[in-house]
Amino acid sequence: MQHSLKSSVIEGASYDPKTKVMTVKFRTGKSYSYAAVPQDIFDGLLKAESAGKYHTAHLKGKFKQPDAAK
């Protein structure tokens, strides 16, 4: 289930707790998935004052794409 975000950069995000894969959809139309993401990182994005800044600080460059994680 995708959660909508009030952000000028990020449209929404979804998380699968079984696989720990998080997908972030940007307003540009691009989506990026991240593997082995802890639930608290996803929850933090949903609660962040600035989703774009949270993404940059906590996700970008810190988690691999699901196919690359294997």
If I ask for residues that are farther than 15 Å from residue 63 by Cα and either open to solvent by 40 Å² or more (accessible area, probe 1.4 Å) or touching a Leu at 6+ places or on another chain (Cβ under 9 Å) (or both), which ones from region 17-33 would you list? 17, 18, 25, 27, 28, 29, 30
Identify the single condition in (1) touching a strand residue (DSSP E or B) at 6+ places or on another chain (Cβ under 8 Å); (2) modelled with pLDDT of 95 or more; (3) surrounded by fewer than 15 Cβ atoms within 10 Å (Cβ to Cβ) that residue 2 does not satisfy, given that it satisfies every other one. (2)
Evaluate the following for residue 18: is it at pLDDT 95 or above and assigned to a loop (DSSP other than H, G, I, E, B)? yes
Conditions: (1) modelled with pLDDT under 95; (2) in contact with a helix residue (DSSP H, G or I) (Cβ under 9 Å, 6 or more places away or on another chain); (3) surrounded by fewer than 13 Cβ atoms within 10 Å (Cβ to Cβ). Residue 7 meets all but one. Number of the miss? (3)
Only one of 13, 36, 51, 57 that is on the phi > 0 side of the Ramachandran plot, without any contact (Cβ under 8 Å) to a residue 60 or more places away in the chain and surrounded by 11 or more Cβ atoms within 10 Å (Cβ to Cβ): 36
Does residue 7 satisfy the condition of being assigned to a loop (DSSP other than H, G, I, E, B) and of a type in the set (Gly, Ala, Ser)? yes
Considering only residues that are within 10 Å of the chain's Cα centre (by Cα) and open to solvent by 40 Å² or more (accessible area, probe 1.4 Å), which ones fall in region 39-48? 43, 46
The one condition residue 44 fails out of (1) in a helix (DSSP H, G or I); (2) in contact (Cβ under 8 Å) with a residue 24 or more places away in the chain is (2)
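The values are calculated or read from the model by the stated rules, or taken from the named source; none is laboratory data. Computed from a predicted structure; not experimentally measured. Counting neighbours? That spans all protein chains shown, and the Cβs are built from the backbone with ideal geometry, glycine included. To get the accessible areas, we keep the full protein, side chains included, count just its heavy atoms, and leave off ligands, DNA and RNA. Shrake-Rupley method; radii C 1.70, N 1.55, O 1.52, S 1.80 Å.
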